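Worksheet: one structure, shown below.
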Amino acid sequence: MTENFPYLVKEIDFQVQEAQRTPNKRNPKRTTPRYIIIKMPRAKDKERILKAARERNSVTYNGIPIRLSADFSTETLQARREWQEIFKVMNAKNLQPRLLYPAKLSFRIEGQIKSFTDKEKLKDFITTKPVLYEMLKGIL
């Protein structure tokens, strides 16, 4: 923290609730883990650190570049997984889909960006667009 965000260290009483290493998924025999999960007691601190990391573009630890990302709850992960099949079809049709935080599908159609929080709203929308309806009728 002091290496990358010295001004934040002065402002935030930085406390770590829990930190743990996770094994490397590709090669479990490798001794050094690639991910460290840190739980913080206050969500505001986490948001400020992530915002500062996005503004800085590169964060280092002992001179080695690292990446910071927000963790997702199991409910959020499940909601994001539910969009995957639709996402793949839209990506194949070049609709430029995006999964926005926490689990919101966004895509470009007819020069506009449309966003949907659940499948029901998407289903209502595609009934007005025959091209989308044909593309997604088997999935929704």
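The values are calculated or read from the model by the stated rules, or taken from the named source; none is laboratory data. Keep in mind that this is a model prediction, so the values were computed, not measured. A quick note on method: Cβ atoms are made from the backbone with ideal geometry, for glycine too, and the neighbour counts reach across all protein chains shown. Only protein heavy atoms, including side chains, enter the accessible area calculation; ligands, DNA and RNA are left aside. Shrake-Rupley method; radii C 1.70, N 1.55, O 1.52, S 1.80 Å.
Would you kindly give the portion of the calculated P(r) for region 74-136 that falls above 19 Å, as a percent of all Cα pairs?
Numbers: 432 of 1953 pairs.
Counting every Cα pair in region 74-136, those more than 19 Å apart make up 22 percent.
Check Val59: other-chain or 5+ apart residues with amide H under 5 Å from its amide H, H built from backbone geometry?
Those lying under 5 Å, H to H, from Val59 are Ile66.
Which trypsin sites (Lys or Arg not before Pro) in region 41-119 sit in a loop by DSSP (not H, G, I, E or B) and have at most 10 other Cβ atoms within 10 Å of their own Cβ? It would help to have the intermediate numbers written out before the result.
Numbers: sites: Arg42, Lys44, Lys46, Arg48, Lys51, Arg54, Arg56, Arg67, Arg80, Arg81, Lys88, Lys93, Arg98, Lys104, Arg108, Lys114, Lys119; in loops: Arg42, Arg67, Lys93.
For trypsin sites (Lys or Arg not before Pro) across region 41-119 that sit outside H, G, I, E and B with at most 10 neighbouring Cβ atoms in 10 Å, the list reads Arg67.
Going by accessible area, probe 1.4 Å, with all protein chains left in place, what is the ranking of Val89, Val131, largest first? Don't skip to the answer; put the middle values down first.
On the way: Val89 40, Val131 115 Å².
Most to least solvent-accessible, the answer reads Val131, Val89.
Kindly provide the GluC sites (Glu not before Pro) of region 47-132 that DSSP labels as loop, not H, G, I, E or B, and whose Cβ sees at most 16 other Cβ atoms within 10 Å.
Numbers: sites: Glu47, Glu55, Glu75, Glu82, Glu85, Glu110, Glu120; in loops: Glu110.
Answer by residue number: Glu110.
Once phi is turned into θ = phi - 60°, what whole-Hz ³J(HN,Hα) does the Karplus curve with 6.51, -1.76 and 1.60 give for every residue of region 128-137, x standing for Gly and Pro?
Going residue by residue, I get 8, 10, x, 5, 5, 4, 5, 5, 10, 5 Hz, with x marking Gly and Pro.
With every protein chain present, what accessible area does Tyr101 have (1.4 Å probe, heavy atoms only), rounded to the nearest 10 Å²?
For Tyr101, the solvent-accessible surface is approximately 150 Å².
Round to a whole number: what % of the accessible area of region 74-136 belongs to carbon and sulfur, probe 1.4 Å? Can you show the working numbers first?
On the way: 2100 of 4260 Å².
Carbon and sulfur atoms account for 49 percent of the accessible area of region 74-136.
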